[in-house]
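Notes for the one structure printed next.
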Amino acid sequence: MEEVLEVYHRPYNEKRPLACLDEASRQLIGEVARPIPAPPGRPERFDYEYARNGTANLFMVFEPLLGWRHVEVTERRTAKDFARVVRWLVEDVHGEAEAVVLVCDNLNTHRPASLYEAFPPEQARRILERVEWHYTPKHGSWLNMAEIELSVLGRQALGERIESRARMAEATGAWEEDRNERGVQTQWRFTTAEARIKLHKLYPSLP
């Protein structure tokens, strides 16, 4: 926990940009009956029945110091999918940086070994050498600022039924573009000193 908090209070460094990465699965839901058009002053009416169209996975990449985020919609959430997002972040987004400081949780696919499942060993090693890994502790995923962005995304853009991954990508893309244009940042104020006071039960008792 203290390691992640220390990372969050570093000043911005374009050679070592900070990125938070998290993911969430969303149900794809289609309509069985066509919604009834709404008369003036009344909301559109939907049938209570719906069709399950599988799921979509959302990878959230969030750079809190720049107020920039990207949502990648994928069919699955495998180690290879995670590795492809990391590769894109390191080689395409920050190709000129020395390393990307990456914060993620302890999901079993969020490991350096995932790169070797997705890419040839030479490329996997090249990517790995340009990532500074930091993991949130067990039961501490709330420390990942990308999780906060996923929560905001769900409330602001995913409240209605979405029937396909293509439509999901449209909805998340519109939300992402608007939020990036406004440069919305997360004002992180929780410090290590506060953690030692408020979460003192997590620390061992010394005689």
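The values are calculated or read from the model by the stated rules, or taken from the named source; none is laboratory data. Just so you know, these numbers come straight off a predicted model, no measurement behind them. Every residue, glycine as well, gets a Cβ built from its backbone with ideal geometry; the counts of neighbours run over all protein chains shown. We work out accessible area using only protein heavy atoms, side chains counted, and drop any ligands, DNA or RNA first. Shrake-Rupley method; radii C 1.70, N 1.55, O 1.52, S 1.80 Å.
Here are a few things to note about the model shown:
- Solvent-accessible surface of the stretch 55-127, averaged per residue with a 1.4 angstrom probe and all protein chains in place: 43 square angstrom.
- Under-5 Å amide H pairs with Glu23, H placed in peptide plane, nonlocal only: Met60
- Computed from backbone phi with θ = phi - 60° and the Karplus coefficients 6.51, -1.76 and 1.60, the 3J(HN,Hα) list for the stretch 131-144 is 10, 9, 7, 9, 10, 6, x, 4, 6, x, 5, 5, 6, 8 Hz; x is used for glycine and proline.
- Across the stretch 178-189, computed HN-Hα scalar couplings (Karplus, 6.51 cos²θ - 1.76 cosθ + 1.60, θ = phi - 60°) run 5, 5, 5, 4, 8, x, 5, 10, 9, 8, 7, 10 Hz from first to last residue, x flagging Gly and Pro.
- Ranked packing of 87-95, 119-127, 101-109, most packed first, by mean Cβ within 10 Å: 101-109, 87-95, 119-127
- Given charges at beta-carbon only (K, R positive; D, E negative), |dipole| of the chain in Debye: 520
- Ordering of 144-154, 54-64, 189-199 by packing [mean C-beta count within 10 Å, highest first]: 54-64, 144-154, 189-199
- Straight-distance crosslink candidates among aspartates and glutamates, where the alpha carbon sits under 19 Å from Lys15 and sequence neighbours closer than 8 are dropped: Glu6, Glu63, Glu91, Asp92, Glu96, Glu98, Glu129, Glu132
- Residue-averaged 222 nm ellipticity for the chain, from DSSP H runs of 4+ at -39500 (n - 2.57), nearest 500: -9500 deg cm²/dmol
- Among residues other than Gly173 with Cβ under 14 Å from its Cβ, the summed charge is -2 (Lys and Arg +1, Asp and Glu -1).
- Correct choice for Rg and Dmax of the Cα atoms in Å that was computed from the model, options [x] 19.7, 71; [y] 17.8, 58; [z] 18.1, 64: [x]
- Nearby lysines by direct alpha-carbon distance to Lys138 (threshold 16 angstrom, same-chain neighbours under 8 apart not counted): Lys201
- Take each peptide in 66-77, 172-183, count the other Cβ atoms within 10 Å of every residue, and average; sorted highest first, the result is 66-77, 172-183.
- Counting only protein heavy atoms and a probe of 1.4 Å, the accessible surface of the chain is 50% carbon and sulfur.
- Considering only alpha-carbon pairs that sit under 8 angstrom and 6 or more positions apart, the relative contact order computed for the stretch 49-197 is 30 percent.
- Under a 5 Å amide H cut-off, with hydrogens placed 1.01 Å from N, Trp68 pairs with Glu63 among residues at least 5 apart or on other chains.
- Using the Cβ of Val100 as centre and a radius below 12 Å, the other residues enclosed give a net charge of -4, where K and R count +1 and D and E count -1.
- For the chain, share of DSSP beta bridges that run antiparallel, in % to the nearest 5: 70
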